[in-house]
Amino acid sequence: MKKVIIFLAIVIVLFAAIFFITKYQQNEEAKNNPYGKTDLHPETIDQLHDSNYQNLILPDELKKKLDQKESLVVYFYSPTCPHCKKTTPILMPLAKNMNVHVYQYNLLEFDQGWDDYHIQYTPTIVYYEKGKEKSRLVGEQPKEKLRSFLEQTIKK
């Protein structure tokens, strides 16, 4: 019986050590992140150095741009969304090749965006003209549909 208790204690200590080491590594990776937060979701941390996730916009910055009646495209996504994971590597290079700046709003980190911008599903791409929503594209879409959306809403 003593051996079982000792074995269980060792297993618990090992799991605790793994947990703390993992948490420490995540905190180190999240230092100086563009989100301005100290506690990021692991899925967001995984995207910090991904070139497809470098056009981030924070809630205050988006609100300011819309209040100033700017025209812009915002891609509302979640790092946990399987459809976003398929859309982003298509959308971002496409937008870059078309010379269209697409801001990325992370709904996992800033969940107030769901209500503030009436987002029901991810991914959602919204085109704002002079601070007002003009069009939106919801859900995973093929490359040609994304291209068409960008051409029709931005390249007029």
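The values are calculated or read from the model by the stated rules, or taken from the named source; none is laboratory data. Quick caveat, the model's predicted, so the values are computed rather than measured. Heads up, the Cβs are rebuilt from the backbone with ideal geometry, glycines too, and the neighbour counts pull from every protein chain shown. Just the protein is used for accessible areas: all its heavy atoms, side chains included, with ligands, DNA and RNA removed. Shrake-Rupley method; radii C 1.70, N 1.55, O 1.52, S 1.80 Å.
Here is how the numbers come out for the structure above:
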read-out	value
Positive dipole terminus of the chain, leading residue within LEU146, PRO82, PRO34 (C-beta point charges)	LEU146
The range 31-156 - share of DSSP beta bridges that are antiparallel (%, nearest 5)	65
Qualifying aspartates and glutamates (Cα of each under 14 Å from Cα of LYS145; at least 8 residues distant if same chain)	none
Given LYS65/LYS130; LYS65/LYS132; LYS64/LYS130; LYS37/LYS143; LYS69/LYS134; LYS64/LYS134, the pairs whose alpha carbons are separated by over 21 Å	LYS37/LYS143
Extended-chain gain in nm, criterion 0.36 nm per residue less alpha-carbon gap, ASP39 and ASN99	18.3 nm
Residue-averaged 222 nm ellipticity for the chain, from DSSP H runs of 4+ at -39500 (n - 2.57), nearest 500	-15500 deg cm²/dmol
LEU8/THR80 FRET efficiency (R0 35 Å; Cβ-Cβ; nearest 0.05)	0.55
Helix axis angle, 143-154 relative to the chain longest principal axis, alpha carbon, degrees	50
Sulfur and carbon atoms: percent of accessible area, the chain [1.4 Å]	57
Over the chain, relative contact order from alpha-carbon pairs under 8 Å, at least 6 apart, %	23
Sites LYS69 and GLN112, calculated FRET efficiency, Cβ-Cβ separation with R0 22 Å, nearest 0.05	0.50
Distance (nanometres) between label positions extended 7 Å along Cα→Cβ at PHE15 and ASP60	4.1
Surface accessible to a 1.4 Å probe, per residue, for the residues of the chain, Å²	64
